[in-house]
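In what follows, a single structure is set out as C-alpha cells and then discussed.
The values are calculated or read from the model by the stated rules, or taken from the named source; none is laboratory data. It should be emphasised that the depicted structure is a prediction, and the values quoted were computed from it without experimental measurement. Virtual Cβ from ideal backbone geometry, glycine too; neighbours counted across all protein chains shown.
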Amino acid sequence: MSLTRQVVSGVKWTAAGRYGEQLLVLLATAILARLLAPDDFGVFGMALLASTAFTVVADLGTGTALVQRETISAPLISSVFWLNVGLGVLYCAVAYVAAPLVALFFTEPLVAPVLRVLAGTLVLGGISAVPQALLVRRLAFDRLAGAQLSAVALGAFAGVAMAVAGFGVWSLVGQQLTRGAAEAGLLLLGARLRPSLVLRVHELRGVRQFSLSLTGAQIGSYLIRNLDNILIGRVLGSTLLGYYDIAWRLIQYPLVAVTSVANRVLLPALSRLQTQEERFALAYLRSSAAVAFVSAPAMVLLFVLAEPTVRLLLGEAWVPAAPLVMVLAPVGLFQSVGAMTGNLYVARGATGRLLAWTLLAAPVTAAALLFGVRFGVTGVAIARLVANTLLSPLNFLFAAQGTSLRLRDLAKALKPVALASTVVGVVAVAARLGLESLGIQQPVVIVLVGSALGVLAYIGILMASRPRVLGEVLETLGLAGVPGTDRLRHRMRQDMAPDTDRA
C-alpha cells in the first residue's frame, strides 16, 4: 500500500506534465511546420540522428542502475554524476570533430555546422542524467514533471520565436538547446543534488555488468529504431527524410504521452515487485492493456484519417507525408506495447538477455530496411511494419522467460481493446465517407467528427461487452493521471448499479 500511495501521489503530476509536454510539442511542431520547409526538418533530422547516437551511450546505463539497485550510496551517486558529465564533454568533442564526416555521409554540407552546435545538448544531457534518475527512484514524479514541462515550454517558445525571426533550421537547434539547458538546471534543483568532488572507480564497478549490458542493448536498439532514417537520409535525401520524420512525429505524440508515463512508473514499481511473481505479472499485463487502450484507437484513427489530419495540423505542403502516416500507424501500436516489454528485462536485472535479444532483432530489421529502401520512402515504411509485426511477439516470449507470463496472457489482456479498435476504424471511415458525400471537405470537420464518433463507439462497445476489462484499464489509467478516466469509471459504476427505486 505504501508503494501504491507513492505511485498515485507522484504519477498524477507526471502524467499532467507529460500530457502538457506533448501538447506543447505538437503545437510547436504545427507552427514550425508552417514556418519552415521540409528540407529544414530533413537537415535537422540528419544532425539529430548523429547526436542521438551519442545519447544512447550517454550514461552507459548508470542512470537506470541507480533506479534498479535496492540501495545506493552517496559516493556512488557522486561518482556516477561526474562520470556522466565527463562522458557528455567527451561525446560533445567527438561529435564536433566528426561533424564534417557526418555531412559527407549524408551529402548535405549544412549538417556539419548544425551538428556542431547541437552537440552542446550532449553535455547538458550528462548533467541531467543523475538528478533525473534520483527523482525516478524516489518516485518524486511531481518535481520531475514540473522541471521537464517547464523546459519543454521554454524550448518551444525559443524555437517558434527563432522561426518567426527567419532563422530556418537553426530554430530547431535553438529549441533543443534551450530545452536541454533549462532541464539540466531545473532537475538539479528538483533533486537537490550537490555532488561532492568524489569519483571512485570501485563504486562504478558495482554497477558495471548491469550497465554495460544495458548500454550494448541500447546501442542495438538505437540502430533498430533509426536505421530507416539513416537509409532515407543517405539514399533518398533530406526532403524525403523531412516527410518521413514529420510522419513519425505525428505517430509518436499520442504514444509518448502514454508510454513515457507508464514506463516511468512501471520500471521502479516492477523492480520492487520482482520477487512477488503474481503481482509482477499482474502489474505488467494491466499496464500493457492500459497503454493499448489509448494507443490502439489513436493509431487506428491516424490510419483512417491520415490525410485530413496532416492537412489540418501541418498544412498542404506536408500532404506527401500522409501515406507514410498510414503505414507507420500500426508500427506505433507495436512499439507502444513493446515499450512495456522492455521493463520485463530491466526490472529483473536481465540486461544480458536484453542485449541478446537486440543482437537477434537488429539483423532482421536491417535486412528488411535495406530491401525496402530500394522501393523508396514508402518501401522503407512498409519494411519497418513487416519487421515489427514479426519481431514483437518474439520479443515478448524472449523477455517473459523465467516469469509466469505467457503470450496467451498478453493476447487475452489486449483482445478486447483490439476488437473495439477495429470498430473505431469502421465508424471513422463511414463518417468520413458520409461527410465527403455531402460535399464537406474541410479537414477540421472530418477529423473532429470522425474521431468523436469513433471514440464514442469505442467506449460504448467496451462498456457493453467488457465492463470489467474497461474498469481495470480505467483504474490503471486513473493511477497514471490520464484526465477524465476517474469520472468515466464512476459513471460506469452508476450505470451498472441496480435500480434501487424499482427494486
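Of the residues in the stretch 192-200, not one is touching a helix residue (DSSP H, G or I) at 6+ places or on another chain (Cβ under 8 Å), assigned to a helix (DSSP H, G or I) and at pLDDT below 95.
Checked against (1) of a type in the set (Gly, Ala, Ser); (2) at pLDDT 90 or above; (3) in contact with a Cys (Cβ under 9 Å, 6 or more places away or on another chain), residue 126 meets all criteria but (2). Taking residue 144, is it buried (at least 23 other Cβ atoms within 10 Å of the Cβ) and modelled with pLDDT under 85? It is true that residue 144 is buried (at least 23 other Cβ atoms within 10 Å of the Cβ) and modelled with pLDDT under 85. Sub-6 Å Cβ pairs linking a first residue in the stretch 447-466 that is within 13 Å of residue 427 (Cα to Cα) and touching a residue at least 12 places away in the same chain (Cβ under 8 Å) to a second residue that is surrounded by 19 or more Cβ atoms within 10 Å (Cβ to Cβ) and among the β-branched types (Val, Ile, Thr), at least 6 apart or interchain, are 447/309; 453/427; 454/424; 454/427; 457/427; 458/424, ordered by first then second residue.
With the structure loaded, tell me whether residue 307 is touching a Pro at 6+ places or on another chain (Cβ under 9 Å), of a type in the set (D, E, K, R) and either at pLDDT 85 or above or closer than 26 Å to residue 460 by Cα (or both) or whether it fails that test. Lay out the reasoning, then the answer.
Numbers: touching a Pro at 6+ places or on another chain (Cβ under 9 Å): yes; of a type in the set (D, E, K, R): yes; either at pLDDT 85 or above or closer than 26 Å to residue 460 by Cα (or both): yes.
When the stated conditions are applied, residue 307 passes them.
Scanning the stretch 317-355 for residues that are over 18 Å from residue 297 (Cβ atoms), out of contact with any Asp or Glu (no Cβ under 8 Å at 6 or more places or on another chain), surrounded by fewer than 20 Cβ atoms within 10 Å (Cβ to Cβ) and modelled with pLDDT of 85 or more yields a count of 3.
Go through the residues of the stretch 168-186 one by one and say whether even a single one is in a loop (DSSP other than H, G, I, E, B), over 20 Å from the mean Cα position of the chain (by Cα), farther than 18 Å from residue 23 by Cα and of a type in the set (A, V, I, L, M). Break it down stepwise before answering.
Initially, the stretch 168-186 is screened for residues in a loop (DSSP other than H, G, I, E, B), giving 168-169.
Narrowing further to those that are over 20 Å from the mean Cα position of the chain (by Cα): 168-169.
Still in the running and farther than 18 Å from residue 23 by Cα: 168-169.
If we keep only those that are of a type in the set (A, V, I, L, M) too, we end up with 169.
Among the residues of the stretch 168-186, at least one is in a loop (DSSP other than H, G, I, E, B), over 20 Å from the mean Cα position of the chain (by Cα), farther than 18 Å from residue 23 by Cα and of a type in the set (A, V, I, L, M), which makes the answer yes.
Condition test on residue 439, is it outside any helix (DSSP H, G or I), over 27 Å from the mean Cα position of the chain (by Cα) and of a type outside the set (Lys, Arg)? For residue 439, the condition - outside any helix (DSSP H, G or I), over 27 Å from the mean Cα position of the chain (by Cα) and of a type outside the set (Lys, Arg) - is met. Cβ-Cβ contacts under 9 Å between residues 6 or more apart (or on different chains), taken from a first residue in the stretch 429-441 that is at negative phi to a second residue that is modelled with pLDDT under 90, are listed as 434/440; 435/441.
Of the helices (runs of 4 or more DSSP H) lying entirely inside the stretch 310-421, the ones with 1 or more residues being in contact (Cβ under 8 Å) with a residue 40 or more places away in the chain and at positive phi are found at 376-399.
Pairs are defined by a Cβ separation below 6 Å, a sequence spacing of at least 6 or placement on different chains, a first member in the stretch 77-97 that is touching a residue at least 60 places away in the same chain (Cβ under 8 Å) and of a type outside the set (Val, Ile, Thr), and a second member that is buried (at least 22 other Cβ atoms within 10 Å of the Cβ) and assigned to a helix (DSSP H, G or I); the pairs so defined are 81/130.
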